[in-house]
Every structure is written in C-alpha cells, then in structure tokens.
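Notes follow the structure.
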Amino acid sequence: MLALQKKGWESMAKGLVLGALFTSFLLLLYSYAVPPLHAGLASTSLEAPAPCSPGPEAEAEAGRRGTNGSGGRCRPRRDIVFVKTHKTAGSTLLNILFRFGQKHGLRFALPRGRNDFGYPAFFARRRVRGYRPGACFNLVCGHMRFHYDEVRGLVAPGAAFITVLRDPARLFESSFHYFGAVVPLTWALPGRDKLAEFLRDPDRYYDPRGYNAHYLRNLLFFDLGYDSGLDPRSPRVQELILEVDRRFHLVLLQEYFDESLVLLRHLLCWDLDDLLYFKLNARRDPAAPRLSGDLYRRATAWNTLDARLYRHFNASFWRKVDAFGRDRMAREVTALRLANEQMRLICIDGGRAVDAAAIRDAAMQPWQPLGAKSILGYNLKKRIGQRHAQLCRRMSTPEIQYLTDLGADLWVTNLWKAIRDFLRW
C-alpha cells in the first residue's frame, strides 16, 4: 500500500514538473510572439523609414481611380487600407478584400508569424512580411492597433482608408464572451452570468493594467490607436473622433452591413460581384439572452468613448445614405442580397452555416475562442460547377487559411493551434 502511495506521489510530482516546464515554454513563446502594449496615443511615430514610393505613373493612376469625372466611368481603386476592428463583421469584409486582391494580382501587406500585425502593440511597418524601406503595397488589411503614419507609409497617395464600427454595447457583449477566457480578471467573477455580474459594478472588477483588459472597455477606440481610458469629459475625445473622420474615407456599420457595402462599392468603383459574401466568423446564438434594458444601458455607459464614436459615425453614415438616395440604396441592397442568395444556393450544403463539429473539411475549420467551439463554418456542396467552384471555396475560406493561401507564414499561430489541439483547449 505504501509503495502504491509513493508511486502515486512520484507520478504527481513528475506531472507538476512537466506542467511547470510546459508553462514556462508557453510564457517564453508568448513573450517572443506578443510585443509589449503601449497605452499611449498613436500620434508619435514609432520609426521613420522611407515612405512608399509608387512612382509618378502609379500616383497619377491612383488619382484617376474611383472618380467619375464628368460622367465618365470610374476606374476601380486598388490601393486600400482596412483597419479590422474586433467583433464587427471584419472577417467577412476581409474575405471580400482578399478575393479582390487575389483576382487582380495585387500586393498584400501580410503579417509575419501571426495572423495580426503585432496586436495589441501599435502597427509598425517592420511587422509586414518582406518590408523594405520605400516598399509599396496595394492592400493593408487585418487586425492591428492603428498607427496612421506607419500605415500611410506603406500605400500610395490616394489609397482608400476604411474601417467598421458596431453598437458598443453589442460589441462589448460579443467581446466579453469571445475573449473572456484570455482575460484573467473575468475568471473570478461569481455566478453563472459573469457578464451581468461585471456590468453591475464594473469598476469593482476592472483593472486597466490587467492582462488583455483592453478587450473589455472601449475596444473600438483602442483598435483605432487611441487611449481607451481617456476621460470622457476631455475635449480630446471629440478631437480624436474628428481625426478619425478626416483619415477614413468610409466608416462602415456592422448593423447595416449591406448598405455599407453599397457605399463601399461606389467609393471603390467595384462591380457588384466583387462584394458577394458569406457571413464569416459568426458566433452560434448564445444560450443566454442578449443584453437588454438596464444591462444594455450599463454596457453603453461603460463604453462611453466607443458610444460617442459610434453616434458620430452613425449620423454621418445616414447622411451619406441620404446623399446617395434612399430609393437607390434600397434597390442596390436588394440586388446584393439576391446575388448572395444565389451564391448560397450554388455553394453551401444545407444552405446555412453549421457548428464546428459538423464541418466535414478540416481545412475549412474557423479559429475558435479558447475553451469553446462557438464559431460557425460551412460545408460546400460536393458537386459545384466549374464556373463557381473556386469562388465558392474562396468565399467560405476562414481568415487564417486564406492568409496562408496568400503566402503568409503564420508559424506562431500554427504552433499555438497545434498546442491547443493537443491539449484540447
């Protein structure tokens, strides 16, 4: 009996030693893969290498694209910066941009090692795969903490800057559920409804210095490169909102995604077929009810900076729609939805997204949040005509797999995935 107990203690001790070594390895890997977080504003340049030098012909071409002139047909714009904010349908828009760039042989600014540009640190040109001083790229798109000067130095003059916003309370709810497992300050929240508990007294639980705490307050403001802890009463808040307005040619709204795509289509002078999409990285409808009533108001108040940002661009969005024409907008939205429905019938087996466990092709599995399998994906029909086969697959390909197809070397992301698969996280 004593021998068995001794053997059990020895096995436990070995397990603890191996666990400690493995944890140390993960921390070492993380310290290499994740750059330090800079809490300040993105107004100070991190480096000052040579700007993008597209040459006079390219500059003239960029100036002609996307403008109708005196009634003439515009030329499609091919120089685009998309700042992908979190939990705002960005993966769907990213797929649209990937397909357009691939179709036209454009040059992508791809991340190195990971599927983002060093987030949550500020974007820096050196994080772009193959960057050399003076190098120009057509498409800069993906998750980043935006740094205007650094990004602007990668694209030609006249490049279109776009991003997406979402109702801050809804975004907070989505971010809380998606990232909660990697935000330690949520682990000790009591009760089954951790979100409701947090919103009852957020100041009690929130620590802005906590690991990954940026996911839980004013995430839009943070992603756009600003201080998410700025005093809402400061006049600086309105100054920064107006700065976003000056820098971005179009701010899309997640709640009006199709209307946003219509405006984007005319900004970029693209064809309707360029904007076709399947909804990607969508979360399974949660068992818990959506935020409503008092909790919705609390979530909005907790994310005051994002709420002010959203109100500003919600108002400007509908001014753009009015200038475009409400009837004209309705017609073009209908045309887009009919075209999307046609592609769904051609491509998708069963006609809808399915749970991760039901996805037959392992190569089409979307990235899942830690400890959950809540992100949906697609099964393609087994028989798709040659005309549509490639488009169907590209439209349903998850972001990480598409980045790999474009030539990104995501060794850190792939290693982390292998570790998670092994541990069944």
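The values are calculated or read from the model by the stated rules, or taken from the named source; none is laboratory data. From a predicted model like this one, the values you see are computed outputs, not experimental measurements. Ligands, DNA and RNA are excluded from the accessible area calculation, which covers all protein heavy atoms including side chains. Shrake-Rupley method; radii C 1.70, N 1.55, O 1.52, S 1.80 Å.
Points to keep in mind about this one:
- Estimated D of the range 265-378 in µm² per second, where Rh is the Kirkwood radius over Cα pairs and Stokes-Einstein applies at 37 °C, 0.692 mPa s: 184 µm²/s
- Per-atom-type breakdown for the range 280-352 gives carbon and sulfur 52% of the accessible area (1.4 Å probe, protein chains only).
- Rounded percent of accessible protein surface that carbon and sulfur make up, the range 203-266, 1.4 Å probe: 43 percent
- Exceeding the 26 Å Cα-Cα cut-off - candidates K279/K382; K194/K373; K103/K417; K382/K417: K103/K417; K382/K417
- Rounded Å value of the spacing that divides the Cα centres of the range 241-313 and the range 115-187: 16 Å
- The three principal axes of the Cα atoms in the range 365-425 give end-to-end lengths of 40, 26, 14 Å, sorted in falling order.
- Dividing the convex hull volume of the alpha carbon atoms of the range 127-283 by its residue count gives 160 Å³ per residue.
- In the complete set of protein chains, residue-level accessible area for K103 is approximately 130 Å², probe 1.4 angstrom.
- With the convex hull of its Cα atoms as the shape, the range 221-312 has an orientation-averaged projected area of 8.0 nm².
- For the range 89-181, the alpha carbon positions stretch 41, 28, 24 Å along the principal axes, listed from largest to smallest.
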